[in-house]
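Worksheet: one structure, shown below.
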Amino acid sequence: MGCYTTCCDSPLGNTPVSPALAVIGLIHTVFRAVDLDAVAPSHMRVFTTSAKGEPKPRQNLPFSAGLKLGRMVLTAHLRGVIRKTPFFQANGQPSVSPRVLSLEERALIGERVG
């Protein structure tokens, strides 16, 4: 599911469709003015082959990062903190109803990104 600003619907990141995995993938270009590594260091770069533009970022998915992500998710489940997320309510439903783009909106986006 995408996370968007309330002021102008700018995308911020993507979350899984359920609170079972406590992670958000941030869209780094939204945060150009902020040093993201100072906020939370980047451990992985995935799905880079579908990136627009050249040169494409190098995919970085080290085995140790996968283990670290697994440990973080397991720890969150065991401690119960996985249920404390701003993206989902206690009953597992999204905090905000997802907005599904119309075919026309998707076509317009496709034209813009090439």
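Here, each number is a calculation from the coordinates, and none is a lab measurement. Not measured: the values here are computed from a predicted model. Cβ atoms come from the backbone with ideal geometry, glycine included; neighbour counts cover every protein chain shown.
What ³J(HN,Hα) values, in whole Hz, does the Karplus curve 6.51 cos²θ - 1.76 cosθ + 1.60 give for segment 91-101 when θ = phi - 60°, with x put for Gly and Pro?
7, x, 7, x, 5, 10, 5, x, 9, 8, 6
How many nm separate the modelled label positions at F47 and R83, each set 7 Å beyond the Cα in the direction of the Cβ?
2.9 nm
Once amide H atoms are placed 1.01 Å from N in the peptide plane, what residues at a sequence separation of 5 or more from R45, or on another chain, have their amide H within under 5 Å of its amide H?
N60, L61
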